[in-house]
Amino acid sequence: MSKISNKDAVVNDNKGLVVDKLTAGLENRIILRDISLYVRPGEAVALMGPNGSGKSTLAYSIMGHPHYKIFNGKIYLDGEDITDKEPEERYRKGLFLAFQMPPETTVLSRSLYLHIAKSRGYGFSKVLEIMRRIGLGEHVLDRYLNKNFSGGEMKRSELLQMYISSPKYVILDEPDSGIDPDGIMIMSSILKELIDKGVGVIVITHLGRVFREIEPKRVYVLIDGRIALSGDSSLIKLIDEKGYQYIKKIAT
Amino acid sequence: MSNEIKELERYTRITTAEDILGQREIGGKSLEIRGKISRELIEEISRVKKEPDWMRRTRLRMLEIFEKLPTPQWIEGLEELDLDELSYYVDPGVNLSFTWEEIPKDILEAYEKLGIRKAEAEFLLGLSTQLDSETIYVKTKEILTKKGVIFLPLEEAIIKYPDIVKQYFMNIFPPEHKFAALHGALWSGGVFVYVPPGVKVDAPVEAFFMIGKALVGNFEHTLIIADKDSSLHFIEGCAAPRLSKYSFHDGMVEIYVGENARVNFTTLQNWSSQVINFNNKRAIVERNGYIEWVEGSIGSKLTYVYPSAILRGENAVMESYVITFARDGHIKDSGSKVIHRASNTRSKIISKSISVNAGKTVYRGVVRILKGAKNAKSYTSCDSLLLDEKSKTVTYPHIQNDEPTALIGHEARVSKLSDHLLFYMRSRGLSENEAISMLISGFISDILSRLPFEQAVLIKGAIDLEFSKYGKFG
C-alpha cells in the first residue's frame with residue numbers, strides 16, 4: 001500500500017501546515033514516530049486511527065502542548081518553522097485546535113468568547129450570531145467554560161471559538177464524538193464554509209460520518225504511533241467496512 | 001457582569017498596600033503600654049483612656065474570661081505569638097483631627113498613597129482612620145449629620161451615648177472564646193455608627209485601620225446599630241507597612257440589624273505579611289432584616305475570621321461572601337457562621353479561596369438551625385482554587401439541624417490550575433499571565449460583581465500582583 005509524501009505539499013507558494021518526520025512523546029517515551037502529513041489552504045484531510053493510536057498526541061504536539069516533547073522533525077506553518085513556538089504564538093499565526101475534551105475552567109464562557117472575538121476584530125454580536133447558527137444556547141455565556149457542559153455544548157463551544165478565531169489551519173480532534181446528528185450537520189456546514197474561504201482543515205476521527213458533506217483530499221491512518229497508510233477518500237470506506245485490524249495487516 | 005470583569009483586567013498592575021507603603025514605621029509612639037497581660041495592664045489602659053468605671057469593669061470581666069478559657073486546639077501557626085512581648089496600647093501621638101491638613105505629613109502621605117483620601121472625596125459619606133490604638137481622623141459629610149446618623153470614635157460614643165453602647169457592647173458577640181475575651185479586655189479605637197429608624201444611607205461609610213509598627217497589638221472595636229427600616233453600607237479597610245517583626249490584630253465587629261433594616265459590611269483586609277490577624281464579627285438580625293458580609297482577605301500571614309449572624313427574627317437573611325487568598329506558606333482560616341433562630345430565615349454563604357506557593361486555605365463554617373425555625377433555608381458553597389502542587393486547601397463545614405422543615409444545601413469544589421488547563425487557554429491566544437488572570441477573575445467573579453467597583457479593582461489588582469511575583473506567573 002502507498003503513502004503520501006510531503007513532497008507534494010510545497011507547491012512553490014510555501015502554503016500549508018506541514019508536519020515533517022515528527023517523532024514525539026513524553027519525556028521518557030516515544031509515542032509518535034516519523035510522522036509526515038500536510039494540509040493546504042482550502043482543503044480537508046482526515047487523520048484516522050483506532051483508540052490509543054496517538055491521534056490526540058499528534059494534535060497536541062502540533063499545537064505545542066508542554067507535556068509533549070519533540071524528539072525529531074519539524075512543523076511548518078506557511079513555510080515558517082513553528083516547532084519551538086509557544087502555543088499562543090501558534091494560535092496568533094492562525095492555528096486552531098478544537099479539543100476533543102476541553103478541560104473545565106473557572107473562566108466565564110462570555111469572557112473567553114469575547115476575548116477571542118475582540119482579538120480578531122469581531123464584536124460581541126458576531127459571537128451571538130454564530131452561537132445561534134450552531135445552536136449553542138446563550139445560557140452558557142454566564143457559566144464557567146466547559147464546566148458541566150453536555151457533550152454537544154462542548155463541541156459547539158469549541159466550534160464557536162474556532163470560527164471566531166478566523167484561523168488559517170484548524171485541527172478538530174474527534175469533533176463527531178458525543179454530539180447529535182444535527183450537531184454533526186451544523187459542523188459539516190461550518191467546515192465547508194471555512195474550506196471554501198481557504199482554511200486548511202485536519203479532522204481527527206475514527207468514524208467517517210463527518211465527511212458526508214466535505215470530501216477529504218487525503219486520508220492518513222495512524223496506527224501505533226505511525227502513519228500506517230495514506231491515500232484518497234476511498235480509504236474511509238475501506239476502514240468503515242473492514243476495520244483497522246485489516247488496515248494494519250495490509251500495511252505491514 | 002462581563003464588562004466589569006473586562007474593566008478589572010485593565011487594572012492588573014495595582015499594587016498591594018504592603019508594596020505601596022514599603023518597609024517603614026508609620027507614626028510615632030507618644031505613649032506605649034506593654035508587657036504581660038495582667039489586671040494592672042488593663043487598669044492602666046483604662047486610666048489612660050479616661051473612660052467611665054463601667055467600661056473599666058467590663059474590661060476586667062473580659063480579662064477573667066480570657067484567663068479561664070483555653071486556646072482552641074485547632075489553631076495552628078501561633079508559635080511566634082508571644083503575648084508577653086507586645087505593646088497593647090500605642091498612642092501614635094496625633095490629635096484626633098477633622099481635616100487632613102492637621103495630620104502629620106508622613107502619615108497623610110500613607111493615606112494618600114493608599115487612595116483613602118481620594119475614596120473619601122469621591123464616594124464616602126463618612127470616614128474614620130485609626131493608626132495603631134487611636135482614631136486620628138474622623139469626618140462625616142453634612143447629609144449624614146442632617147439625617148441624624150451618628151458616626152463617632154467608639155471612645156466618644158461611650159461618653160455621649162453610654163446607654164446604647166452598654167446595651168450592645170460585647171453582648172452581640174459575648175466572649176465565647178479566648179481571643180474574643182482578650183479583645184474585650186484590651187480594645188481601643190474603632191467606630192460607633194447609629195442609623196435612626198427609616199434612614200437610608202445611600203453611599204458607603206468607611207473605617208480604615210492601620211498598624212504602623214512591629215510588635216503591636218491592635219484591638220479596634222466597631223459597633224453598628226441600624227434601627228428599623230434603615231440601611232447602611234459600611235466598608236472596613238486594613239493595611240500595614242512591611243514590618244521588621246510580627247504584629248497582632250484582634251478586632252471585633254458587632255452589628256445590630258433592626259426590623260426591616262439592611263446592613264452591607266465589606267472588608268478589604270490588606271495587612272502586610274507579618275500580621276497575625278484575628279477578627280470577631282457578628283450581627284444580630286431582627287425580623288425582615290438583612291446582613292451582607294463581604295470579606296476580602298488578601299493580606300496577613302495568618303488569619304482567623306468568620307463573619308457570623310444570629311437570625312433572630314422571622315424572614316431575617318444573612319448573605320456572606322468570603323474571598324481568601326493564601327500565599328508563601330501563609331494560612332487563611334476563614335468561612336462564615338450562622339444560627340437560624342426564627343422561621344423563614346435564610347442564609348447563603350459563598351466562599352472562594354485561592355492558594356499559591358505553599359499557601360493554605362481553610363474553610364470553616366457553622367450552620368445551625370434551631371428547632372422552630374420553620375422553613376429556614378441555608379446554602380453554602382465553597383470553591384477552592386489551587387495554583388500549584390505545594391498549596392493546600394481543606395473544608396470543615398459543620399451543619400447542625402434540629403428543624404425538620406429546614407432546607408440545607410452544601411457544595412464544595414476544588415479546582416486546580418494544571419499545565420493542561422493553561423495549555424488550553426494558551427491555545428486560544430492568551431499568554432500564561434493573561435490566562436491565569438482570567439481564570440482568577442472568573443473564579444471570584446460572582447463575589448467581585450457584588451462589590452463597589454473601586455474595591456473590586458483593588459481586590460483583583462492585589463491578587464494579580466501577588467501572582468506576578470512568582471517566577472512561573474511573572
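We did not get these values from a lab; they are worked out from the coordinates using the rules stated. Bear in mind that the values here come from a model prediction, so they are computed numbers and not experimental data. Please note: Cβ atoms are built from the backbone with ideal geometry, for glycine as well, and neighbour counts cover all protein chains shown.
Quick notes on this structure:
- Against the main long axis of the alpha-carbon atoms of chain A, helix A:234-251 sits at an angle near 50°.
- Principal axis box of region B:20-415, alpha-carbon based, largest edge first, Å: 58, 53, 45
- Among A:PHE124, B:PHE443, the order by Cβ neighbours within 10 angstrom, fewest to most, reads A:PHE124, B:PHE443.
- Once the convex hull of all Cα atoms in region B:270-316 is built, its volume per residue stands at 54 Å³.
- Under 25 Å from the Cα of A:LYS242 - lysines, other chains or at least 8 residues apart: A:LYS3, A:LYS55, A:LYS217
- Considering only B:LEU421, A:LEU145, A:ALA46, and ranking their Cα positions along the charge dipole of the protein assembly as shown that arises from unit charges at the beta-carbon of Lys, Arg, Asp and Glu, the one farthest toward the positive end is A:ALA46.
- Radius 11 Å from Cβ of A:GLU158, net charge of other residues (Lys, Arg +1; Asp, Glu -1): 0
- Local net charge near B:LEU152, Cβ-Cβ under 12 Å (Lys/Arg +1, Asp/Glu -1): 0
- The fraction of all Cα pairs in region B:336-405 landing in successive 10 Å bins from 0 to the largest distance is 21, 39, 23, 13, 4, given as whole percents.
- About its Cα centre, region A:6-251 has a charge dipole of approximately 160 debye under the convention of +1 per Lys or Arg Cβ and -1 per Asp or Glu Cβ, with nothing else charged.
- Exposure proxy order (Cβ contacts within 10 Å, fewest to most) of B:ASP84, B:ASP388, B:ASP250: B:ASP84, B:ASP388, B:ASP250
- When the P(r) is computed for region B:283-394, the part past 17 Å accounts for 52% of the Cα-Cα pairs.
- Rotationally averaged projected area of the protein assembly as shown (alpha carbon convex hull; nm²): 35.3
- Counting only lysines at least 8 places from A:LYS118 when in the same chain, those with an alpha carbon closer than 27 Å to its own are A:LYS15, A:LYS85, A:LYS93, A:LYS126, A:LYS147, A:LYS155, A:LYS168, A:LYS192, A:LYS197, B:LYS6, B:LYS460, B:LYS472.
- Average beta carbon contacts from partner chains per residue of B:439-446, 10 Å cutoff: 5
- Only helices enter the 222 nm calculation for chain B: every DSSP H run of n ≥ 4 contributes -39,500 (n - 2.57), and dividing by all residues gives -7500 deg cm²/dmol, rounded to 500.
- Residue among B:GLY313, B:VAL48, B:VAL199 farthest towards the positive dipole end of the protein assembly as shown, charges placed on Cβ: B:GLY313
- Cα-Cα pairs of region B:206-245 separated by more than 11 Å (percent): 73
- Net charge of Cβ neighbours under 11 Å - reference B:SER38; Lys, Arg +1; Asp, Glu -1: -3
- Set B:LYS228/B:LYS371; B:LYS390/B:LYS416; B:LYS228/B:LYS377 screened for pairs whose C-alpha atoms are more than 18 Å apart: B:LYS228/B:LYS371; B:LYS228/B:LYS377
- Cα long-axis angle, helix A:151-164 against chain A (0 to 90 degrees, to the nearest 10): 90
- Test item: Cα-centred dipole of chain B, Lys/Arg +1 and Asp/Glu -1 on Cβ, debye: 960
- Helix A:109-119 axis, angle to chain A major axis (alpha carbon atoms, nearest 10°): 70
- Cα gyration tensor category, rounded, prolate or oblate, for region B:42-110 with a/c compared to 1.5: oblate
- In region A:137-244, the alpha-carbon atoms span a convex hull of 124 Å³ per residue.
- At q = 0.12, 0.15, 0.18 Å⁻¹, base-10 log of I(q)/I(0) for region B:163-255 (Debye sum, equal scatterers on each alpha carbon): -0.44, -0.66, -0.88
- Region B:374-443: Rg to Rh, with Rh as the Kirkwood radius over Cα pairs: 1.19
- Computed P(r) (all Cα pairs; chain A; 5 Å bins; percent): 1, 6, 14, 18, 20, 17, 13, 7, 3, 1, 0
- Leading residue at positive end of dipole, the protein assembly as shown (Cβ point charges), from A:LEU95, B:ILE276, B:ILE447: A:LEU95
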